[in-house]
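Asker: One structure, as structure tokens, below. Some questions next.
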There are 2 protein chains.
Amino acid sequence: MLGDWRRTHYSSQISPEMDGEEVIVMGWAHAIRKLGKLIFIILRDREGTVQIVVPKQKVEEEIFKTAKEIGKEDVIAIKGKVIANEKAPNGFEILPIEIRILNKAATPLPLDPAEKVSADIDTRLDNRFLDLRRPKIQAIFKIRSEMLKSVRKTFYENGFVEVNTPKLVASCTEGGTELFPISYFEKEAFLGQSPQLYKQMLMATGLDRVFEIGPIFRAEEHNTRRHLNEAISIDVEMAFCDDKDAMEMLEKVVYNAFVDVYENRKKELELLGVNLELPNEKFDRITYDEAIDIANAKGVELEWGDDLSRAAEKAIGEEMGGLYFIVDWPTETRPFYTMPNEKDPKICKAFDLMYKDLEISSGAQRIHIYDLLVERIKAQGLNPEGFGSYLEAFKYGMPPHAGWGLGADRFTMVLTGQENIRECVMFPRDRQRLTP
Amino acid sequence: MLGDWRRTHYSSQISPEMDGEEVIVMGWAHAIRKLGKLIFIILRDREGTVQIVVPKQKVEEEIFKTAKEIGKEDVIAIKGKVIANEKAPNGFEILPIEIRILNKAATPLPLDPAEKVSADIDTRLDNRFLDLRRPKIQAIFKIRSEMLKSVRKTFYENGFVEVNTPKLVASCTEGGTELFPISYFEKEAFLGQSPQLYKQMLMATGLDRVFEIGPIFRAEEHNTRRHLNEAISIDVEMAFCDDKDAMEMLEKVVYNAFVDVYENRKKELELLGVNLELPNEKFDRITYDEAIDIANAKGVELEWGDDLSRAAEKAIGEEMGGLYFIVDWPTETRPFYTMPNEKDPKICKAFDLMYKDLEISSGAQRIHIYDLLVERIKAQGLNPEGFGSYLEAFKYGMPPHAGWGLGADRFTMVLTGQENIRECVMFPRDRQRLTP
């Protein structure tokens with residue numbers, strides 16, 4: 001077994017210049033070629049593959065015997081010497097001094113990570129632990145991890161405090177979107193559909209700028225390539241700020257993530273065949289009215305006050321390309337807490353950030369005036385009594401504030417060039433899928 | 001209103017050397033003294049307080065009139081000149097050029113942030129948005145945010161990939177701990193009590209080292225100062241590693257967080273009156289047997305094989321002081337996935353990290369051998385059929401692995417010197433509390 005062995009190098013850390021050095025590599029038997037008196041094993045680890053060469057005449061009998069027993073996807077550990085060899089992949093191979101089979105793999109595999117042809121997405125998701133052995137699939141999640149790291153770095157640099165708000169909530173908060181009910185001891189509770197009301201309440205504390213990255217839950221019965229019932233939301237709220245400030249912060253966060261992924265995940269982008277184009281630091285901005293005009297011009301019928309249909313999003317995305325904001329939305333299309341425009345209350349201080357035809361973020365300046373907030377709750381057919389502790393926070397000194405939510409899974413789609421959000425979530429949850 | 005004003009300085013960024021400079025400060029009217037022709041306002045923001053001086057004879061009539069209207073906890077913005085003044089707090093005050101009241105605060109306040117005497121914890125939690133205005137309470141969450149930042153930094157430096165596993169799960173996984181049921185469309189689902197099974201499945205992918213920081217949910221009916229029904233867990237799993245490797249990584253993460261909080265949150269520690277003692281880089285280690293002996297010697301009756309009672313934890317904590325590991329636990333006291341010791345299978349490769357009498361982390365080398373895992377599931381009275389996709393991951397090449405979970409809320413208790421976990425969570429959830 002493992003014993004006192006520890007990996008000394010990932011495959012990518014070895015080079016022909018290390019000729020003669022002893023290394024320990026660990027991973028999976030990705031491919032095996034047995035040619036009578038010569039065995040080649042391609043060992044795969046997180047960073048790539050390395051060739052192990054086992055010539056019967058050059059290794060001890062025990063080693064050749066062990067090598068012969070190795071099957072596809074067995075977990076193996078090899079102590080050996082680096083041998084520079086121009087003909088080997090990457091210019092070197094490893095001649096084993098000792099081989100340990102750490103765990104055998106059963107056959108046949110439900111999904112073969114070494115196969116060139118990919119299975120259908122359901123089979124792949126059912127066997128995600130095998131699917132994730134494919135370097136291409138791992139690349140998606142390495143990019144996702146890099147993106148999350150980058151996003152937090154931007155928050156830290158801009159004086160944000162990280163918070164955690166509860167996912168177990170007492171009542172249906174925002175109306176509209178459906179919630180999952182939970183039985184919570186003697187009471188009924190729900191799963192939070194967004195940290196919205198909590199992050200706003202925190203604006204009344206003086207913490208000033210908060211962010212949270214956590215799960216959100218939506219019980220909507222959609223069946224699209226852009227929606228899941230459990231998602232990760234990157235949430236921000238900023239006090240003493242307006243919608244323009246919030247948009248600027250969103251630009252920073254998204255731009256920096258593009259740059260960090262571009263610079264630190266070149267290998268993964270290449271594996272995925274993604275030619276990531278860096279956006280401008282400032283994104284284009286169009287008004288809702290202009291968006292409607294674009295859609296209409298492309299034959300999508302839409303009236304002022306309608307939410308953008310899928311067809312409209314596609315038409316607008318085609319016209320606009322990469323990243324762009326849509327601003328000046330009709331007040332009635334947005335949640336009750338959205339600040340109406342002072343001069344023309346029919347429109348409001350909300351914005352969506354789009355990437356082509358995909359909405360990746362949505363935000364706004366919020367209402368900070370108690371009476372106006374109650375008025376808007378009522379106007380949307382909701383009952384202010386259902387908003388007890390939220391509304392309380394507006395009575396005793398609530399500053400102007402603004403914020404947004406950025407979908408981590410959708411943002412990963414953008415950065416990795418994926419068309420289906422399920423590709424960007426390790427264990428996605430949709431109406432049909434609750435396992436693994 | 002806010003208009004085009006933006007805060008130019010937090011209170012702590014202004015100094016007497018800036019005498020004569022114009023600044024904009026924003027925050028809450030923390031305290032007000034009206035002395036006929038002279039008004040003093042203490043403005044509070046995230047970083048501290050600043051004195052605003054409004055002498056009737058030196059400011060425009062309009063300004064004095066506005067200042068007179070300011071009530072406690074109103075949200076205010078002040079454009080003014082910095083005036084060095086030895087007698088003022090911090091050696092300066094601000095003479096306003098313009099004052100804007102951004103939002104009024106109703107009176108009386110349910111909880112006064114400026115009061116020296118603190119209300120009881122229930123009143124405070126009911127009015128958390130006001131409670132969090134107290135610099136002392138904010139200090140707890142600034143330290144928590146710093147700790148999370150530090151923890152992630154250590155993960156990044158050690159080659160970890162950040163993952164998000166689902167919180168909606170199909171079945172009761174680990175047994176023992178109770179779960180919250182959810183109605184998930186036509187099916188029943190549960191809230192995840194830990195990412196344990198998912199992070200282990202990811203060890204079969206070759207991602208090698210993963211971490212996740214996210215909520216966990218436990219439907220236990222406890223009522224203690226150390227438990228909540230929703231908590232944040234810092235979870236780690238490492239492939240090709242044993243329990244010793246996992247403990248070393250835990251030491252790194254915890255030690256670095258102590259150092260980062262110590263170095264970057266001095267002001268907050270001081271506010272809280274916490275004299276944070278830096279631990280050694282290596283923590284003490286005692287065996288379960290030694291722990292039992294200590295408890296027995298202090299009059300706590302405990303037999304070999306018992307889990308540590310609260311009284312035992314207290315006795316051991318008293319003896320051991322700060323941070324220490326307890327290792328070599330009886331196999332039967334630990335979850336089924338814990339690797340038994342090869343030489344003596346009655347004990348296992350599990351560890352707890354304690355701080356005094358508080359368990360802050362729990363981990364182990366895991367079983368990576370399919371047959372042994374099935375055997376242990378059965379031995380604990382559980383049905384292997386309930387572990388479908390989890391067990392599948394052990395069939396096709398699962399490497400040896402180890403990991404741990406560190407309670408973010410409990411770790412915050414340690415770093416901030418709090419006795420009640422509710423002090424370290426913004427909106428805690430216990431059996432009685434589901435709001436705000």
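Asker: Compute the distance from the alpha-carbon center of the range A:1-26 to that of the range B:406-436, in whole Å.
Answerer: If we compute the Cα centre of each part, the gap is 44 Å.
Asker: Extending each Cα 7 Å along its Cβ direction at residue A:379 and residue A:309, get the distance between those two points in nm, one decimal.
Answerer: 2.7
Asker: Give the long-range amide H neighbours of residue A:211: residues separated by 5 or more places, or on another chain, with amide H under 5 Å away, using H modelled in the peptide plane at 1.01 Å from N.
Answerer: Correct list: A:161, A:162, A:163.
Asker: Right, another one. Considering only C-alpha atoms, what is the centroid distance from the range B:255-313 to the range B:50-120, in Å?
Answerer: 45
Asker: A follow-up question, please. With θ set to phi - 60°, apply the Karplus curve 6.51 cos²θ - 1.76 cosθ + 1.60 along the range A:398-408 and write out the HN-Hα couplings as whole Hz, x wherever there is a Gly or Pro.
Answerer: Per-residue couplings from phi come out as 9, x, x, 7, 8, x, 7, x, 10, x, 5 Hz.
Asker: Mind checking which of A:317, A:273, A:91 has the largest fluctuation in a GNM of chain A, springs on alpha carbons under 10 Å?
Answerer: Largest GNM mean-square fluctuation: A:91.
Asker: Quick one: which residues, 5 or more positions from residue A:425 or on another chain, have an amide H under 5 Å from its amide H? H modelled 1.01 Å from N in the peptide plane, none for Pro or chain starts.
Answerer: Under 5 Å from the amide H of residue A:425: no residue qualifies.
Asker: Would you kindly work out, in nm and rounded to one decimal, the distances from the label point of residue A:136 to those of the same position in each other copy, ordered shortest first, with label points 7 Å along Cα-to-Cβ?
Answerer: Nearest first, the other copies' label points are 6.0 nm away.
Asker: Further, regarding this structure: For chain B, modelled as a Gaussian network with Cα springs under 10 Å, which listed residue fluctuates most, B:117, B:374, B:253?
Answerer: Looking only at B:117, B:374, B:253, the biggest GNM fluctuation is shown by B:117.
Asker: While we're here: Above 33 Å lies some portion of the pair distances; for the range A:131-424, what is it as a whole percent of all C-alpha pairs?
Answerer: 22
Asker: Also, quick follow-up: Could you state how much accessible area residue A:221 has, in square angstrom rounded to the nearest 10, with a 1.4 Å probe and all protein chains kept in place?
Answerer: 120
Asker: In whole percent, how big is the carbon plus sulfur part of the accessible area of the range B:11-103, probe 1.4 Å, protein atoms only? Don't jump to the answer; show the numbers that get you there.
Answerer: Values: 2020 of 4360 Å².
In the range B:11-103, the share of accessible area belonging to carbon and sulfur is 46 percent.
Asker: At residue B:380, with labels set 7 Å past Cα in the Cβ direction, how many nm apart are the copies from this one, shortest first?
Answerer: 4.4
Asker: Could I ask something else about it? Once the label point is placed 7 Å from Cα along Cβ, list for residue B:97 the distances to the corresponding points in the other copies, in nm, shortest first.
Answerer: 7.4
Asker: Would you check the accessible area of residue B:147, probe 1.4 Å, heavy atoms only, in square angstrom rounded to 10?
Answerer: Its heavy atoms expose roughly 0 Å² to the probe.
Asker: Only Cα pairs within less than 10 Å get springs; with that Gaussian network setup on chain B, which residue of B:235, B:352, B:45 has the largest fluctuation?
Answerer: B:45
Asker: Please report the accessible area of residue A:355 (heavy atoms, 1.4 Å probe, ligands and nucleic acids excluded) in Å², nearest 10.
Answerer: About 50 Å², ignoring ligands and nucleic acids.
Asker: Working from Cα positions, state the angle (0 to 90°, nearest 10) between the long axis of helix A:135-157 and the longest principal axis of chain A.
Answerer: Orientation of helix A:135-157: about 50 degrees from the principal axis.
Asker: Label-point separation (nm) for residue A:282 and residue A:185, each offset 7 Å from Cα along Cα-to-Cβ?
Answerer: My value for the distance between the label points is 5.4 nm.
Asker: Can you name the residue in chain A whose Cβ lies closest to the A-to-B rotation axis, and give that gap in whole Å?
Answerer: A:182, 3
Asker: For the range B:263-279, just list the computed ³J(HN,Hα) in residue order, Karplus coefficients 6.51, -1.76 and 1.60, θ = phi - 60°, integers in Hz, with x standing in for Gly and Pro.
Answerer: Per residue, the Karplus-derived 3J(HN,Hα) values read 7, 9, 10, 4, 4, 5, 4, 5, 3, 7, x, 9, 9, 5, 8, 5, x Hz.
Asker: Treating the Cα atoms of the range A:134-287 as identical point scatterers in vacuum, please give the log10 of the normalised Debye intensity I(q)/I(0) at q = 0.14, 0.17 Å⁻¹, two decimals.
Answerer: The calculated log intensity ratios at q = 0.14, 0.17 Å⁻¹ are -0.89, -1.17.
Asker: Here is a follow-up. Once you treat every alpha carbon in the range A:11-103 as an equal point and sum by Debye, what is log10 I(q)/I(0) at q = 0.11, 0.20 Å⁻¹?
Answerer: So the normalised log intensities work out to -0.25, -0.89.
Asker: Still on this structure, please answer the following. At 7 Å along Cα-to-Cβ for each site, give me the label-to-label distance between residue B:298 and residue A:86 in nm.
Answerer: In this crude spin-label approximation the distance works out to 7.1 nm.
Asker: Could you give each residue of the range B:415-422 its phi-based ³J(HN,Hα) in whole Hz, using Karplus coefficients 6.51, -1.76, 1.60 with θ = phi - 60°, and x for Gly or Pro?
Answerer: 6, 10, x, 8, 9, 10, 4, 4
Asker: If R₀ is 35 angstrom, what is the calculated FRET efficiency for the pair residue B:290 and residue A:19, using the beta carbon separation as r and rounding to 0.05?
Answerer: On the way: r = 50 Å, r/R0 = 1.42.
The formula returns an efficiency of 0.10 here.
Asker: For q values of 0.06, 0.07, 0.08 Å⁻¹, compute log₁₀ I(q)/I(0) with the Debye formula on a Cα-only model of the protein assembly as shown, without solvent.
Answerer: Reported log10 I(q)/I(0), two decimals: -0.45, -0.61, -0.79.
Asker: Quick one: which residues, 5+ away or cross-chain, put their amide H under 5 Å from the amide H of residue B:351? H built at 1.01 Å from N.
Answerer: Hits under the 5 Å cutoff: B:363, B:364.
The values are calculated or read from the model by the stated rules, or taken from the named source; none is laboratory data. In this text, all values refer to a predicted model and were calculated from it rather than measured experimentally. As a convention, Cβ positions derive from the backbone with ideal geometry for all residues, glycine included, and neighbour counts pool all protein chains shown. Heads up: the accessible areas ignore ligands, DNA and RNA and are worked out on the full protein's heavy atoms, side chains in. Shrake-Rupley method; radii C 1.70, N 1.55, O 1.52, S 1.80 Å.
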